[in-house]
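What follows is a set of notes on a single structure, which appears directly below.
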Amino acid sequence: MEPDLSDTLRRIERCAEEQGLDPADLLDAAALAQQTALPEEMVRNLLEGGDAAPGPVEERVTSRIKVLADARLRLTGGKLPDLAIEVGKHLGCSPKWARMLLDGKKMPNVTLLYQLADFFEVEGGERFFTAPPAAALNRALLPVLKKHQANDQTDPLDALMRKFGVEAIDARHSGTMTRSQLETLLKDVIKSVMRPDPEGDDTR
């Protein structure tokens, strides 16, 4: 079972903290808005723990298609009529109908949504267009979480060093030590410079 958006955000923040990273560096609202075809303001609100009304599914679908079409035109410098011809060929419909579709004025059926997802090279099929905003953003964030969880699990010693701001250990001294000995040494050094726990337990 996938975590929900709030859980995903908490996990990403925890991973960032453990790896000595700024969570904001992993949560680029502009990039996520482009990736999900959601308004950037909505993405920022969701990242900050806010809510977003899902709205009618027709509005979600038509607005996301228009966002993808506008982004394609900005990227290629093309014109809407030309894109409509290209999309019409891909969908098997007239350029006129495709243009209204790309302009957010027509609601496609499920089959066409899958074809549009294929044309614009977005993942999730029809769910890309129909998912509520929180679910759409969560889907985009899950790969980020997976990547940084993997990074954290790849090398516990490196994660520990990053957590406490230690960039490197002198290889002249570490070359004759096992990794386990290095980790023990690093923990001892960190404990030696940390303030005692105000509760009286500074051995953790």
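The values are calculated or read from the model by the stated rules, or taken from the named source; none is laboratory data. As the structure is a prediction and not an experimental result, all values here were calculated from the model. Don't worry about glycine lacking a Cβ; one is built from the backbone with ideal geometry, like all the others, and counts go over all protein chains shown. Side chains included, ligands, DNA and RNA excluded: accessible areas come from the protein's heavy atoms. Shrake-Rupley method; radii C 1.70, N 1.55, O 1.52, S 1.80 Å.
Based on Cβ point charges of +1 for Lys and Arg and -1 for Asp and Glu, what charge dipole magnitude is obtained for segment 53-140 about its Cα centre, in debye rounded to the nearest 20?
Using only the charged Cβ atoms, the result is roughly 200 debye.
Percent relative contact order of segment 1-75, based on C-alpha pairs within less than 8 angstrom and at least six residues apart?
Rounded, it is 20 percent for segment 1-75.
Using the charge dipole of segment 1-143 (Lys, Arg: +1 at Cβ; Asp, Glu: -1 at Cβ; taken about the Cα centre), state which of LEU68, ALA53, VAL87 has its Cα farthest towards the positive end.
VAL87
Report the trypsin sites (Lys or Arg not before Pro) located in segment 48-146 that are in a DSSP loop and have at most 13 other Cβ atoms inside 10 Å of their Cβ, or state none.
Sparse-neighbourhood loop trypsin sites (Lys or Arg not before Pro): LYS79, LYS105.
Which peptide among 34-42, 130-138, 16-24 comes first, and what is the full order, when sorted by highest mean count of other Cβ atoms within 10 Å?
Peptide ranking by packing, descending: 130-138, 34-42, 16-24.
Quick one: which of 25-32, 52-59 comes out on top by average Cβ neighbours within 10 Å, and what's the full order, highest first?
Taking the mean over residues of other Cβ atoms within 10 Å, the ranking is 25-32, 52-59.
How much length would be gained if the chain were fully extended between GLU40 and VAL57, taking 0.36 nm per residue of separation minus their Cα-Cα distance, in nm to one decimal?
Here the answer is 4.2 nm.
Give the carbon-plus-sulfur fraction of the accessible surface of segment 1-143 in %, rounded to a whole number; probe 1.4 Å, heavy atoms of protein chains only.
50 percent
How high is the relative contact order of segment 1-140? Use alpha-carbon pairs under 8 Å, at least six apart in sequence, and give a whole percent.
Value for segment 1-140: 27 percent.
Please work out the average accessible area per residue across segment 34-99, using the 1.4 Å probe convention, and give it in Å².
Per residue, segment 34-99 has an accessible area of 61 Å².
With the contact rule set at Cα under 8 Å and sequence spacing of 6 or more, what percent relative contact order holds for segment 84-137?
23 percent
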